[in-house]
Amino acid sequence: MDNVIRRQTPMARLLRVLVYAALGVAALFYLLPLAVMVLTSFKPLDEITAGTLLTLPENPTLAPWVKAWGEACTGMRCEGMGGYFWNSFAIVIPAVAISTLLGALNGYALTKWRFKGAELLFALMLFGCFIPFQVILLPMAQTLGWLGLSSSRAGLILVHVIFGVAFTTLFFRNFYVSIPDELVSAAKLDGAGFFRIFRRILLPVSTPIIVVSVIWQFTQIWNDFLFGVAFSGHDTQPVTVALNNLVNTSTGVKEYNVDMAAAMIAALPTLVVYVLAGKYFVRGLTAGSVKG
Amino acid sequence: MSALEIQHVCKDFGSTQVLKDVSLAIDSGEFLILVGPSGCGKSTLMNAIAGLEPVTSGEIHIGGEEITWRTPAERDIAMVFQSYALYPSMTVRQNIAFGLEMRKVPKAEREAAVERVADLLQISNLLERKPSQLSGGQRQRVAMGRALAREPQIYLFDEPLSNLDAKLRVEMRTEIKKLHQRLGTTIVYVTHDQIEAMTLADCIAVMRDGRILQLGSPDEIYNDPVDIFVAGFMGSPSMNFIAATLEGEAGDYRLRVATPGADDLVLPWPISRETDALADQVGRSLVLGLRPEHFTEEDARLGERAEGTPLAATVSVAEPTGADILLRLPLGEGEITARVDPHCRVTPGERIALRVDMRRAVLFDAASERRLA
């Protein structure tokens, strides 16, 4: 915008102010729920019932967070979110790692070892990106039963890997298309095989797209509720299911501050991942679209 | 024994035939250039030799062994790619050593090989850099270094100079020639640049539409082309083709060039260049091929001793190149290019007296475009 040279008339300045004002209002509008959550989670219960949503806490307290983490009741049990938080990690980390690795291998095979029907296979794999989750709940439950993986962590990881592979394949395929085939030809002449070329030549240049895939998969799997509630056992429920149970527990007084703290706990990891790797996310998504 | 022998190789992509019965053989230490316009199949032939594309039929032999169905790695060849294809995540040293590493050459030997080619190509100071930190010319050297490190039986060069700027291209061309003279390697080199082909090759294969039209030394290809395509493709500015009618009889053939609005030009065909084929061509229209340098400006001082057939034409454009002047002159129904001495003072519109060396002229059939004499 700044490379356009215009004379700064008072009218132009006024318009500019209006634009920024409109943007500011929009930003406030979207930040408001977050602000309410954060404020509420640090208030004692009596302040919530007395004040408005947006009043600052008079006596800020960490008690709701402590309770949400270790004591709050999720259904019948009152052990807080902590255990489920780690459950989620135990599901997300292997599922993200496996689906990213498989997506990378798929993308590599589809672009650098073109075989008859590769394009068709890729098109079919893309269908996986558009299948609504609800459709496969029953068949998947049956399949997991046959595999002996019902209500197990491994079963849930398998479901997430299967669903993730469509997306990760798409990411890696589009990234590897922009890498010259001559690199692979050169490595073949140098005597490297399928996996050696992947590991030594392509993987080292894949950092941007690996970051994209990890962020995407981490967010998807961490935020998943449906598969978590359908396919996990009592001990292996992810944090999203626990959050639902915590908020829906109907015994005693409704503790909004604890609910908000629990929601913040459930949302934090994806935010942290995005903040830490966000710039690679944007860079990776646009990689290859501009040469050089 | 041939270093490389290709026998009746065909390659189809679906229903399109990209290579049609290609055969050739070169000896150890020879520099073969595959040249032709885009889409002539030269790169496909290169990939077939490298093993990157399977052939549809035919056989390929390297060093007397049939390798038609071997993988690229098993063929004992190295290739320099147009885009250089340097591994971006590796340093120059690792790039050069990668092929040796894959072949399980001990580390000490690998290091020695890297030092050897780095010395040879004067890239010792670049060994720790990544490809992204190199200029185009440096990348080109590293790509050659990677090929040289393995000391294979055959080197393949796929348009290696086409990404360099004009000055660097000429420098690297000389360097490749020096390297070949020094190491005596067997090289197959693909290019669409006919000057590269002329300057580098021991042997040139001119390709078109998946066939080899002519295989021969640069001198043969240039002076003895088999057809109009080869004659026109090699040489810059390219050969002049003039429609002419053959007259006379054995011992006294003449070519009549009809010029609209003027007297016909009659050029005697030299007796030394007569062939039996000409007898059947009397009265037919043929194509006379004359290269720009076959023309010289009339030099009055030579007088009677001047050689060649005299000819006069009006200059339409004069293009001085420094080393000489290219003149565009109307002749017959078209325009021709003549390359004359830079001291020759001419202005457009002026009439100039020239001599043409008919002993070096070539004659083609107008329909089949094949060479007659």
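Each reported figure results from applying straightforward, stated rules to the coordinates on display, with no laboratory input. None of the values given here were measured: they were computed from a predicted structure. A quick note on method: Cβ atoms are made from the backbone with ideal geometry, for glycine too, and the neighbour counts reach across all protein chains shown.
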One quarter of the C-alpha convex hull surface, i.e. the mean projected area of the protein assembly as shown in nm², amounts to 48.7 nm²
On a C-alpha basis, how far is the centre of region A:63-122 from the centre of region A:185-243 in Å? Whole number, if you could? 8 Å
So B:Thr199 and B:Gln7, fully extended at 0.36 nm per residue minus their Cα-Cα distance, gain in nm 66.4 nm
Compute the distance from the alpha-carbon center of region B:115-146 to that of region B:208-236, in whole Å. 35 Å
Computed label-point distance, nm, for sites A:Arg114 and A:Leu31 using a 7 Å Cα→Cβ extension: 5.0 nm
Among all cysteines in chain A, which have no other cysteine Cβ under 4.7 Å from their own Cβ? A:Cys129
Run the paramagnetic zone check for B:Leu168: 7 angstrom along Cα to Cβ, then residues of region B:70-84 with backbone nitrogen under 20 Å. B:80-84
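Can you tell me how chain A classifies by the Cα gyration tensor, rounded, prolate or oblate, using a/c under 1.5 as the rounded cut? Walk me through the numbers before you get to the answer.
Numbers: a/c = 2.68, a/b = 1.25, b/c = 2.15.
Cα axes put chain A in the oblate bin.
Treat the count of other C-beta atoms within 10 Å as a stand-in for reagent exposure and order B:Ile77, B:Ile195 from fewest to most. Intermediate values should be presented prior to the final figure.
Details: B:Ile77 23, B:Ile195 14.
Ranked by crowding around the Cβ, least crowded first: B:Ile195, B:Ile77.
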Separation of alpha-carbon centers, region B:239-315 and region B:1-57, rounded to whole Å: 39 Å
Within chain B, longest stretch clear of exposed GluC sites (Glu not before Pro) (DSSP loop, no more than 13 other Cβ within 10 Å): B:129-306
Could you list the trypsin sites (Lys or Arg not before Pro) in region A:49-150 that lie in coil according to DSSP, counting only those with at most 16 other Cβ atoms within 10 Å of their Cβ? A:Arg114, A:Lys116
Could you tell me which of rounded, prolate or oblate describes region B:187-238, using a ≥ b ≥ c as the square roots of the eigenvalues of the alpha-carbon gyration tensor, with rounded for a/c under 1.5 and, failing that, prolate when a/b is larger than b/c and oblate otherwise? rounded
Row for region B:240-365, column shape: gyration tensor on C-alpha, a ≥ b ≥ c, rounded if a/c < 1.5 i.e. under 1.5, prolate if a/b over b/c, else oblate; value prolate
With the crude spin-label approximation of a point 7 Å out along Cα→Cβ, what separation in nm comes out for B:Val346 versus A:Ile162? 8.1 nm
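By Kyte-Doolittle mean hydropathy of at least -0.5 and Cα axial length of at least 15 Å, which whole DSSP H helices of chain B are selected?
Details: long enough: B:92-102 (16 Å, 0.33); B:107-121 (21 Å, -0.25); B:136-149 (20 Å, -0.46); B:166-183 (26 Å, -0.88).
Passing helices, by number: B:92-102, B:107-121, B:136-149.
Over all residues in B:76-83, what is the mean tally of Cβ atoms on other chains that come within 10 Å of each residue's Cβ? Display every interim value, and only then the final one.
On the way: counts 0, 1, 3, 6, 1, 7, 2, 5.
Partner Cβ neighbours, averaged per residue: 3.
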For B:Ser217 and A:Arg7, what does the FRET efficiency come to when R0 = 56 Å and r is the distance between their Cβ atoms, rounded to the nearest 0.05? 0.20
Pull up the cross-link candidates among the lysines for A:Lys254, meaning alpha carbon to alpha carbon under 17 Å and not fewer than 8 places away within one chain. A:Lys43, A:Lys67
How much mean residue ellipticity at 222 nm does chain B get from its helices, if each DSSP H run of length 4 or more adds -39500 (n - 2.57) and you divide by all residues, to the nearest 500 deg cm²/dmol? -7000 deg cm²/dmol
